[in-house]
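Beneath this line is the structure, given in structure tokens, with notes to follow.
The values are calculated or read from the model by the stated rules, or taken from the named source; none is laboratory data. Computed from a prediction, not measured in an experiment: that's the story for all the values here. Cβ placement follows ideal geometry from the backbone for every residue including glycine, while neighbour counts extend to all protein chains displayed.
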Amino acid sequence: MTQHGTMARQAATRTSADGAGRCWFCDDAARTDPPPTGWLYDDGMWRAGHAPVGHSIPGTVILEAHRHVLDQVELNQNERTSLADVTARLISAIKSATGCDRVYQWATMDGYPHFHVWLLPWWESASLRGPRYLVASVFGDAEPAQREQAIAMADAIRRAL
Ligand SMILES: [Zn+2]
């Protein structure tokens, strides 16, 4: 299943924009692609896992709120104050595990109106930067080597957290 196919199926199963329908992030039965090697982080408010294989480059982590909220406006005070800390912890772990120079952050809530942030490693040696790098780093099909790399990277990030 490609990312675009998955997203199209997800959109087809969504019955409303307010969370009344099945949400890929809230409903484990609807989550067709769990994070490889399981969750890297979970404190009850936030959880994070490596991006599903085939959705992004190895080393990409998706941070998501446990609660079904759209964006920072709907976060409670505890979530607001802890978001920067958990994001910083994940960025440090991604840098340590991948040796990247920056960690790009990308949040559109396009597939589902549930707060989640993509954290992607970026290197100075990359031929692309900014939004072009983000677009080129997210793709529909993973080569077998990328599956192995994603699993190895998830393990390395877990050890660095
Ligand atoms: Zn949700």
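What do you reckon, is residue 42 closer than 23 Å to residue 134 by Cβ, out of contact with any Lys or Arg (no Cβ under 6 Å at 6 or more places or on another chain) and not basic (Lys, Arg)?
Criteria not met by residue 42.
Do we find a residue being more than 16 Å from the chain's Cα centre (by Cα), within 16 Å of the ligand (Cβ to nearest atom), modelled with pLDDT of 95 or more and charged (D, E, K, R) anywhere in segment 6-26?
no
Run down 136, 97 and say which single residue is surrounded by 19 or more Cβ atoms within 10 Å (Cβ to Cβ), away from the ligand (no atom under 16 Å from the Cβ) and in a helix (DSSP H, G or I).
97
What residue, among those in segment 139-157 that are of a type outside the set (Val, Ile, Thr) and touching a helix residue (DSSP H, G or I) at 6+ places or on another chain (Cβ under 8 Å), is farthest from the ligand (Cβ to nearest atom)?
Step by step, filter segment 139-157, then rank; the result is 156.
Report the residue count in segment 100-117 for those that are in contact (Cβ under 8 Å) with a residue 24 or more places away in the chain and either farther than 22 Å from residue 31 by Cα or away from the ligand (no atom under 16 Å from the Cβ) (or both).
So the answer is 3.
Give all pairs with beta carbons closer than 6 Å in which a residue from segment 35-47 that is assigned to a loop (DSSP other than H, G, I, E, B) meets a residue that is surrounded by 16 or more Cβ atoms within 10 Å (Cβ to Cβ) and aliphatic (A, V, I, L, M); count only pairs at least 6 apart in sequence or on separate chains.
36/53; 36/150; 36/154; 37/154; 40/48; 40/157
Being part of a loop (DSSP other than H, G, I, E, B), surrounded by fewer than 18 Cβ atoms within 10 Å (Cβ to Cβ) and away from the ligand (no atom under 16 Å from the Cβ) is true for just one of 127, 92. Which residue is that?
On the way: 92 fails: part of a loop (DSSP other than H, G, I, E, B).
One residue alone meets the criteria, 127.
List pairs: first in segment 55-83 and within 16 Å of the ligand (Cβ to nearest atom), second acidic (Asp, Glu), Cβ under 7 Å, 6+ apart or cross-chain?
Close Cβ pairs satisfying both conditions: 65/79.
Of the conditions (1) under 30 Å from residue 75 (Cα atoms); (2) at pLDDT 95 or above, residue 125 satisfies every one except a single condition; which number is it?
(1)
When only residues in segment 59-87 that are under 14 Å from residue 103 (Cβ atoms) and out of contact with any Ser or Thr (no Cβ under 8 Å at 6 or more places or on another chain) count, which is surrounded by the fewest Cβ atoms within 10 Å (Cβ to Cβ)?
The qualifying residue surrounded by the fewest Cβ atoms within 10 Å (Cβ to Cβ) is 84.
Would it be correct to say that residue 85 is acidic (Asp, Glu), modelled with pLDDT under 95 and either in contact with a strand residue (DSSP E or B) (Cβ under 9 Å, 6 or more places away or on another chain) or outside any loop (DSSP other than H, G, I, E, B) (or both)?
no
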